[in-house]
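Take a look at the structure below.
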Amino acid sequence: QGPKKRERRDLEFFKMPTTAAVSLTTTTPPSMWTTPQRGSLLGSREDSVRSTATPAAFQREFESPGGILAEGPPPSLAERKKVPRAKFIMDRLYGTVEMPPLLVAVMDTEEFQRLDEIKQLGGSSRVYPSATHTRKEHSIGVAYLAGVLVRRLKEQQRELGITEDDVRCVMLAGLCHDVGHGPYSHMFDSFLERIPSVVEKNVFASSHERRGEMIVRAIMHRDRAKLAACFDDNDDDCGYDRHVNFVCRLMRGVTWNDDPEEDTGRGEEKRFLYEIVANEKCGLDVDKLDYLLRDSLVTVGKSKPFDVMRLFSGIEARREGTTDPNNTEEVVTLSGRMTLSFERKLTDDIKDVFALRTENHRKVYQHKHSTVSEAMIVDALVAANESDFRIHNPRYKGGDHPQPQEQDQAQERKENDREFFKLAEDEVYDSAAYDDKPVLTLAEACLQLEAFVTLDDSILGAITTSTAKGIDKARAILKRMKERDAYALVNTPKHLPTHPICPECGTECELIEQPFCAHCGEKLDKRAKKPFKRGTFEPAHKTDFKDDIFSRLPKDHGITKDDIYVKIVTIKQGTVIRRKDNSGVLWRDYHDTLNCHFHDPKNGLPHCMTNMPFHNVHPAHEPRRHSERILYCFYKGSNEAHLALLNDAYVACTGDLQTCNRNNYADTPLPLDAGLTQDDDDDQDDDDDPGVNISPTPPENGGDDTQEEHKNDDDDKDDYDDMAPPARKRPRVVDFLEGSPKLHCDSPQLNSLTTL
């Protein structure tokens, strides 16, 4: 074809006026695609990826304010910066991803760009040298996945009424959900916990989620004019403020009993949007999906441990409900709230996601060397905070120190901060508390938004090169870490109980619902517990191991309590559920799918239900436990004699400790007056309780005479069924669990008892 035909075809395809005659199919090099008024068509080097974009991307380029169709003189550099443009970014997981103008404008801020200097895995990079990816990379991936999911819901379920502003807000929440992290990610929160006065003094130091919300509000307020132009609903200030409130609420998520604020501009019909970035119900959100994929790739080399697009293909927004077990066509509505629901066939995929999270915690996040590396970094930060090491205060204006403000003025300023950041009544933040200080300590910098956003992983390098008085201790710790002279592990880690403990023999209960101990037969109505949340209790396990170990050291040992570092690592596979025991007490436990909502598109029901596919899960895919606790003890010094003393004290402390018992069901007796009589047993219909396995009674004298009584079991095996049962009360192991229809027991120990 000739040049004229190519030009006419391009003009017709892109709906361009005849005055903009240019041929995109010419063989002229891209550097020659110029016009007298607009320069290079491809734009800057960072936007050169547009040359391989779709025709729709070219059309957006032409229709943009600075595009080829613009009339008049070219815009200045300052004017171009005022108008954000979409960008395409190459991601190691998803390939080329598009960031809309709103997200690009937020990315081009100091608060977000600092995430490029914060490692995603903190101290785990000391174990896996390839784990050097940053929070910025993860945030871009979360924003992309959030956009993919919400756009799919918008296209597949148009009745939901999802707007483009909703899509932008969800993607922005995914982009900024980690903007409140400090140096070395979650490790910085451990540093703040070492300074309780700081956490109690200011809400900004309470958690990285609250810091992130406050930082986002500050960004959206400062760049209001530029960011408001990216929304469709920006006619008045109220529309923009509702978007800001909505983004902050999306970052926090909503729980079962929480209601979204009215000032977000979204009602209950869009409640499901709060579960995309931070799912507080079942724990399965785009944040978790991205960091599991990304961390698995850079640490152990798993390129695709699960298919995220398969999960997205089975997600719908439905109303919560349940069906009558006797009539599946009759729907009984529970709350009628809109929530994200998964197809029933995705049960195994969801379990794979939580199983991968548990595996990553064991191998990466809670690895013993990762734990000790983060402990050394925290000790270095604490030592630097106690020295003369200081951080520049960006709010300090210089000159003479301003006079302290009157009490009325300070109270008015606090009220203004409370209204601006949407703080609760018990939350305190004073933006100008340190305006009179030119420099701040690390703890004080965590109380100021402007000073906090200057902190990143380079803080360790600043400590190493600092000449401040008293910095030698922190510098020595960092030197030990670089030379791989880490804190010494005392003995071996111990697996601690996660379920309630029998008050008589100290054995961990395999099943929370069991009313009697399977080891000693003691009644389990007085198990130690402590309040958890909303009328739920959790086991009152021992936690003061550091004091116990220190008290068992001999006199004049020369070891200080600061030389001992004890940490209890908790790994949870799933989210919190409640289990009721035989006495009516609700216990805290964890499960991976019980809090998820499922639907079956084949039955035609419009509702979604919890617990729907649980009875179809194969026992091999159901873990014995959904949580574990591991005890670590480290010695910070280098004295071999002290390490030996600590080892003896650690063994003495944990020797009589009931660790996580995998074989709780031993051949030991149960109380004779606690079970059912043989006559009562014969009257029972075992088929009425399909969720409980029925087992015969262990022998009465299951102590020293157990082996003697059963030494001829093999010879009498054929006659076992013909033997008449003794005329006495025969307590059984699992009959006591009747009345708990939701209990599912797949314990191999219980199953082995049925073969006696």
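Miscellaneous remarks
- Here the calculated FRET efficiency for His618 and Glu450, from their Cβ-Cβ distance with R0 = 60 Å, stands at 0.65, rounded to the nearest 0.05.
- You can think of it this way: the chain between Glu419 and Ile568 has 49.8 nm of extra reach, that is 0.36 nm per residue less the Cα-Cα gap.
- FRET efficiency, Val148 to Arg534 (Cβ-Cβ, R0 25 Å, nearest 0.05): 0.15
- Evaluated with a Cβ-only charge set (Lys, Arg +1; Asp, Glu -1), segment 352-511 carries a dipole of roughly 1100 debye about its Cα centre, given to the nearest 20.
- The stretch between Lys561 and Lys580 holds 2.8 nm of extra length on full extension. This uses 0.36 nm per residue minus the Cα-Cα distance.
- Basic side chains Lys and Arg get +1 at the Cβ, acidic Asp and Glu get -1 at the Cβ, and with that the dipole of segment 151-199 about its Cα centre reaches some 100 debye.
- In order along segment 560-571, phi translates into HN-Hα couplings of 8, 5, 6, 6, 10, 10, 10, 9, 9, 8, 10, 10 Hz, rounded to whole numbers, per the Karplus curve 6.51 cos²θ - 1.76 cosθ + 1.60 with θ = phi - 60° and x for Gly and Pro.
- Full-extension gain in nm, Arg158 to Asp436, via 0.36 nm per residue minus C-alpha separation: 94.6 nm
- Note, ³J(HN,Hα) from phi for segment 371-384, Karplus 6.51, -1.76, 1.60, rounded to Hz, x at Gly and Pro: 5, 6, 5, 5, 5, 5, 5, 4, 4, 5, 5, 5, 5, 5
- Within segment 193-213, backbone nitrogen closer than 15 Å to the virtual label 7 Å beyond the Cα of Val428 toward Cβ: 196-206
- For Lys87, the residues whose modelled amide H falls within less than 5 Å of its own, excluding neighbours fewer than 5 places apart on the same chain, are Met99.
- Using a Förster distance of 25 Å, the FRET efficiency for Glu12-Glu98 (Cβ separation, nearest 0.05): 0.45
- Taking 18 Å as the limit for the C-alpha separation, the pairs Lys288/Lys351; Lys526/Lys572; Lys351/Lys530; Lys523/Lys580 exceed it in the case of Lys526/Lys572; Lys351/Lys530.
- Approximate spin-label separation Asp547-Leu643, in nm, with each point projected 7 Å along Cα-to-Cβ: 2.9 nm
- Carbon/sulfur fraction of accessible area - segment 365-521, other protein chains in place, 1.4 Å, %: 47 percent
- Under 5 Å, built H, 5+ apart or other chain: amide partners of Arg337: Glu320
- Nonlocal amide H pairs with His597, under 5 Å, H built at 1.01 Å: Phe342
The values are calculated or read from the model by the stated rules, or taken from the named source; none is laboratory data. Being a predicted model, the structure only gives us computed values, none of them experimental. No Cβ is skipped: glycine too gets one built from the backbone with ideal geometry, and neighbour counts run over all protein chains shown. SASA here: full protein model, heavy atoms, side chains in, ligands and nucleic acids out. Shrake-Rupley method; radii C 1.70, N 1.55, O 1.52, S 1.80 Å.
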